[in-house]
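Every read-out reported here was derived from the displayed coordinates using simple, explicitly stated rules and does not represent laboratory data. Source: prediction; values computed, not measured. In this analysis, Cβ positions are derived from the backbone assuming ideal geometry, glycine residues included, and neighbour counts consider all displayed protein chains.
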Amino acid sequence: MNDTPGWASPGSAPSDGQDTTVPRPAEPADDKTGSSSKWSTAQPPAGQWSPPSAPGAGPTAPRPAQGWGGPPPGGGSGWGRPPAAKPGVIPLRPLSVGEILDGAVSTLRRHWRTVLSVSLAVSVVSQIGDMLLRRYLLPEPVVLDPNTPPSELLNQATESAQSQLVADAPSLAILVICTLFTTAILTVVISRSVLGRPVTLADAWGEARPRLLKLLGFTLLLPLMSAAVLTVGMLPGLLIGSTAGVALSLLGAVAAFVVVIWLMVRFSLTSPALMLERQGVIASMRRSAKLVSGAWWRTFGILALTLLLSMVLSLLIAIPFAVIATAVGGEGLTGWPFLIVTGIGAVIASTITYPISAGVTVLLYVDQRIRREALDLELARAAGVPGYGTEQPGRDPSGG
């Protein structure tokens, strides 16, 4: 365990067969359906879970007078639960959906210079490349004739999709590279914000640079897997042809799309696992599959909600710019006035949504490790929270 992004080696805290004697903090307020078997009867001593007085400063609030904090506020029977330590942007306990989203936004606010400089630079480069491609390289879209026979219509649609894929390949390459840098650097920033530690762009780049090639390998592998699944699903219908082949291709495409969604969610935590645990691509994919196992629907719901919020936010920003671009653009959708105005709107939207999406993914990874592996205890020690070890803030507990 250290204070760099590689918090703890996965072998030291396996997801399966977790030691049930590890003390656990309180559950999140909105998570009342969790299994009681996840929580040990041995709880931390009084006063260990006090909130910090300031971000990154460690908790200094007075300890409760007795037991677990005395009776709950407002009178009544029973015992209250002490609050979890919060050295950074999240409390160190299992997180609710709202806390994950709030942690992502809090990271954007707390480290806005580093976060916005990364996302803005990436968004500008991405949009300039997209504008140039749309202006000079992309061909006119193929118009399908609805009066052709079904088999010929299927062939036309296939050829149109292939030509469009080839035309979009440069844009996809730019997007992959930009996403690569954004994910790598923001993962480091968010991991430091969990501990309440400051981080500069140079620090984040120094931590992320050694992992870029492996992250690139995973970034390329995932769409290739998806394309292979879709091809297998549609291939029987394409080989048959005729009306029956069209129907079979559509059914195969729907089934393949479901499989692709399942794979995307299953491997959605690979990037933070690769960056923070310093493993290879395949090992990180296995880690993601293990962490998502048993929580697929929860992971899917949080990622889908984040995608929906990002899309709504992007539309709210992009629509006014699209209206302005339509009014001033006299050369159509590929004219410079239209491309520049819409590009400005896309840059603003991407600059805001990139960090939020990356933050949710990393914090979802942290949440799953807290629930399965008691990572909250390791994070508390790394952050210098009193009562969790002898490590001092800023020192490497592993001695490195």
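Between R135 and A253, the contour length at 0.36 nm per residue exceeds the alpha carbon distance by 39.3 nm.
Take 309-315, 191-197 and order them by the average number of nearby Cβ atoms within 10 Å per residue, most first; the result is 191-197, 309-315.
Under the simplified labelling scheme, the M264-L238 pair shows an inter-label distance of 2.0 nm, with each label point 7 Å from Cα along Cα→Cβ.
P(r) for segment 96-137, from all Cα pairs and a bin width of 10 Å, is 26, 30, 25, 17, 3 %, short bins first.
What number, in percent, do you get for the relative contact order of segment 97-380 if the mean sequence gap of Cα pairs under 8 Å and at least 6 apart is divided by its residue count?
27 percent
Ranking L230, T200, S350 by how far each Cα lies toward the positive end of the dipole of segment 97-380 (charges on Cβ) leaves T200 at the top. Comparing S288, A121, L221 along the charge dipole axis of segment 97-380, the residue lying farthest to the positive side is S288, per the Cβ-charge model.
Residues M275, M131, arranged from fewest to most other Cβ atoms within 10 angstrom of their Cβ, appear as M131, M275.
Taking other Cβ atoms within 10 Å as a rough exposure proxy, L250, L308 sort from fewest to most as L308, L250. Cβ crowding within 10 Å ranks Y388, Y136, Y354 as Y136, Y388, Y354, fewest other Cβ atoms first. In units of the compact-protein estimate 2.2 N^0.38 Å, segment 97-380 shows a Cα radius of gyration of 1.12. A simple spin-label model places pseudo-atoms 7 Å from Cα toward Cβ; at A327 and L213 they are separated by 5.2 nm.
Peptides 207-213, 178-184 ranked from most to least packed by the mean count of surrounding Cβ atoms within 10 Å: 178-184, 207-213.
At what distance in nm do the modelled label points of L309 and I282 sit from each other, each positioned 7 Å from its Cα along Cα→Cβ? Here the modelled spin labels are 3.7 nm apart.
Remark: segment 97-380 carries a charge dipole of roughly 1060 debye about the Cα centre, counting +1 on each Lys and Arg Cβ and -1 on each Asp and Glu Cβ.
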